[in-house]
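Working notes, structure below.
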Amino acid sequence: MTTHYIEEAEYLCDRVAIMNKGEIIACGTPQELKNQVGLWVLESINDTGFEYEFFKTREEALLKAREKEGPVTIRRSNLEDIFIRITGEKID
């Protein structure tokens, strides 16, 4: 199956390959890919826009959130987060 719908791949596929510019740059189960990058995301706003930081545990994200000024969000990571983190590019 090939798809640009990351949510679809996350829920329907046992293994996924992340491609960027025609090359496979990461491959594994959705959970394996999340484990590599981080299971939790801390979202905050800085001078240039949104900032995303990845953590293995929620507690690590909470500790970092205490250092931030302004609103923050802590949530579980998803495959779209992983794609952006690995490639440095957003999905259009």
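Values quoted throughout were computed directly from the atomic coordinates according to the rules given, and no laboratory measurement underlies them. These numbers were taken from a predicted model, which means no experiment stands behind them. Glycine gets a Cβ as well: all are built from the backbone with ideal geometry, and neighbour counts include every protein chain shown.
Under the rule of -39500 (n - 2.57) per DSSP H run of 4 or more residues, summed and divided by the residues of the chain, what mean residue ellipticity at 222 nm is obtained, to the nearest 500 deg cm²/dmol?
Rounded to the nearest 500, the figure is -9500 deg cm²/dmol.
Treat every Asp and Glu Cβ in segment 6-87 as -1 and every Lys and Arg Cβ as +1, leave all other atoms uncharged, and give the resulting dipole magnitude about the Cα centre to the nearest 20 debye.
Dipole size: approximately 200 debye.
Charges on Cβ only, +1 for Lys and Arg, -1 for Asp and Glu, centred on the Cα centroid of the chain; of 9, 28, 70, which one is farthest towards the dipole's positive end?
The one lying farthest along the dipole's positive direction is 28.
State the label only: which of (1) 16, 46, 29, 10, 0; (2) 14, 37, 36, 12, 2; (3) 14, 33, 24, 18, 9, 2 corresponds to P(r) over Cα pairs in 10 Å bins from 0, in percent computed from the shown model?
(1)
For the pairs 34/64; 21/90; 34/90; 34/68, note any where the Cα-Cα span goes beyond 21 Å.
Listed pairs above 21 Å: 34/68.
With an 8 Å cut-off on Cα pairs and a minimum separation of 6 or more residues, tell me the relative contact order of the chain in percent.
Across the chain, relative contact order equals 25 percent.
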